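One structure below.
The values are calculated or read from the model by the stated rules, or taken from the named source; none is laboratory data. From a predicted model like this one, the values you see are computed outputs, not experimental measurements. Neighbour counts are summed over all protein chains in view; Cβ atoms, including those assigned to glycine, are modelled from backbone coordinates with ideal geometry. Accessible surface is based on the protein model in full, side chains and every heavy atom, while ligands, DNA and RNA are left aside. Shrake-Rupley method; radii C 1.70, N 1.55, O 1.52, S 1.80 Å.
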Amino acid sequence: MTAKRSFLDRVLPQSLGGQLLAMLLLALAITQGLGLILLTDERNRAVRAALGLEAAGRAANVALLLDDAPADLRAEILRSADSPLVRFEVGPGPTAPHNSTDAAPFLNQIRQILGQPEREVLADIHALAVTPLALPDGVPNAMRPMHQAMMAAHAEPIEMTLSIRLAKGDWLNVRTMFIRPGLQLSPQALLPLFLMVAAVALVAWATARRVVGPMRALAVGADRLGRGLDANPLPLTGPSEVRNTTQAFNRMQDRLTRFVSERTHMLAALSHDLRSPLTAMRLRIEMLDETEDSIRLKALVEEMQIMVDATLEFARGVAKTEPAATVDLAAMLGDLVADVGGDRAILAPSSPVPATVRPHALNRALRNLIDNAVRYGGGAEVSLAQEPGFGVITVADKGPGLPEDQLEAVFEPFVRLEASRNRDTGGVGLGLAIARTIIQAHGGNIKLCNRSGGGLNAIVHLPLGEA
């Protein structure tokens with residue numbers, strides 16, 4: 001059953017280098033985004049403060065002019081002071097309802113310019129709804145395109161109303177509107193960001209290569225070790241943690257290789273040394289008179305001889321001294337089926353499937369499977385299919401099948417489900433063990449399963465790459 005992958009596993013790249021780069025770029029994007037937001041907000045505050053102080057200074061200077069100017073010049077002064085976003089007028093009362101909490105800098109600016117005696121000043125600041133604002137009457141047509149462009153940018157307008165009491169008792173009312181600056185990204189502003197992204201990507205790539213390279217070599221070495229292939233010790237490269245892991249793997253590989261080699265040689269030596277006393281026993285039995293006991297002893301010696309020969313064959317299958325070669329699995333299966341002869345084994349049509357294997361060892365394993373199907377299942381139906389990276393060989397028979405709890409046990413050495421001791425009907429119980437040992441040494445696997453209509457399937461998954 002496939003484990004459910006998390007959301008991050010689904011969206012992030014599968015390789016360590018890709019994940020490292022993605023996480024670094026994500027962290028960079030988050031930090032740069034937050035920094036841009038804070039910088040934009042600070043910039044907006046600074047621009048608003050500058051615009052407000054400029055408007056407050058203009059209002060204070062206009063108030064001083066109006067105090068000193070004749071009454072017939074007031075209208076001309078107000079008209080000259082007007083701009084598209086700042087309007088001046090004189091009235092009997094203030095239009096600013098109260099002083100806003102954030103208007104203190106502007107009030108200080110006005111009072112500083114007006115000097116003594118201190119007069120009454122009101123400043124109200126509030127946001128306006130984001131709707132197209134009409135220009136006041138009398139604004140020159142040259143100013144209208146700029147106003148329309150600002151409105152099209154969906155800027156956030158803020159209105160400030162100033163009311164300054166004049167020397168003659170009336171009030172100078174000033175209405176101005178600020179436009180909160182939008183996000184402005186010029187090529188000059190984006191260049192540092194691009195350079196930072198490039199630098200982070202380069203560092204992430206170099207770091208990932210330094211880490212991923214030894215880890216990839218470690219994965220290949222572990223796969224080769226699991227398939228029983230000879231491999232040289234891995235080089236100690238990369239960070240200290242990776243080097244320590246590689247060094248531990250090299251020690252484990254050396255110990256496992258030495259352990260398997262010693263046990264295999266011991267098994268082969270024991271089996272070989274048993275041949276001499278068995279041969280001597282057979283000769284002595286031949287010299288005895290033919291009695292019931294001598295016949296039984298002869299049968300036992302012959303059975304022991306077969307077991308010794310099978311054990312030697314099993315040891316040779318574990319040793320894996322044969323070099324690898326590229327063969328056509330379809331042709332190999334065709335030769336094996338032809339060797340059986342008659343209609344006891346048939347091969348389903350198949351296209352060529354090249355694979356890099358140890359030909360003689362694999363031939364022995366597949367021959368054991370086909371012979372078992374013919375001997376115990378009444379015939380073998382062999383088929384070959386191809387999956388990504390694997391060849392799938394199925395050997396089906398028409399026999400009674402096996403109990404479910406015995407489908408794995410029959411792969412153990414010397415396990416026989418046939419109750420008699422007849423070597424012609426039960427063998428010695430090493431055929432499937434040899435087949436599984438050889439196939440696993442190729443990096444594949446074999447399993448048995450009962451067919452729904454009766455019979456048994458032996459299914460082999462064999463890697464098509466290097467054996």
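Points to keep in mind about this one:
- The single residue among S350, S383 that is in contact (Cβ under 8 Å) with a residue 24 or more places away in the chain and part of a loop (DSSP other than H, G, I, E, B) turns out to be S350.
- Taken residue by residue, segment 305-312 has no member that is at pLDDT 75 or above, farther than 21 Å from N368 by Cβ and surrounded by 14 or more Cβ atoms within 10 Å (Cβ to Cβ).
- Test: residue in segment 121-134 that is at pLDDT 80 or above and more than 17 Å from V86 (Cα to Cα): yes
- Subset of segment 350-379 (residues that are farther than 17 Å from A458 by Cα, open to solvent by 60 Å² or more (accessible area, probe 1.4 Å) and touching a Leu at 6+ places or on another chain (Cβ under 9 Å)): S351, P352, P354
- Within segment 268-277, the only residue that satisfies the criterion of being of a type in the set (S, T, N, Q) and either modelled with pLDDT under 75 or closer than 26 Å to W205 by Cα (or both) is S271.
- Total residues in segment 220-237 satisfying the condition of being modelled with pLDDT of 75 or more and more than 13 Å from G465 (Cα to Cα): the figure is 8.
- Scanning segment 10-20 for residues that are assigned to a helix (DSSP H, G or I) and either at pLDDT 75 or above or more than 13 Å from T207 (Cα to Cα) (or both) turns up R10, V11.
- Test: residue in segment 330-337 that is open to solvent by 40 Å² or more (accessible area, probe 1.4 Å) and either more than 20 Å from I459 (Cβ to Cβ) or modelled with pLDDT of 90 or more (or both): yes
- Candidate set: segment 54-78, residues that are open to solvent by 50 Å² or more (accessible area, probe 1.4 Å) and within 14 Å of V174 (Cβ to Cβ); chosen: the one nearest to the chain's Cα centre (by Cα): E54
- Residues in segment 89-129 that are of a type outside the set (D, E, K, R), loosely packed, with under 15 Cβ neighbours inside 10 Å and assigned to a loop (DSSP other than H, G, I, E, B): 10 in all.
- Close Cβ contacts (under 6 Å, 6 or more residues apart or on different chains) running from residues in segment 77-96 that are within 20 Å of I158 (Cβ to Cβ) to residues that are open to solvent by less than 40 Å² (accessible area, probe 1.4 Å) and of a type in the set (F, W, Y) comprise D82/F88; P94/W171.
- Subset of segment 435-467 [modelled with pLDDT under 85, open to solvent by less than 20 Å² (accessible area, probe 1.4 Å) and either touching an Asp or Glu at 6+ places or on another chain (Cβ under 6 Å) or assigned to a loop (DSSP other than H, G, I, E, B) (or both)]: H442, A467
- Scan of segment 235-267 for residues that are closer than 30 Å to T207 by Cα and open to solvent by 100 Å² or more (accessible area, probe 1.4 Å), ordered by number: E241, R251
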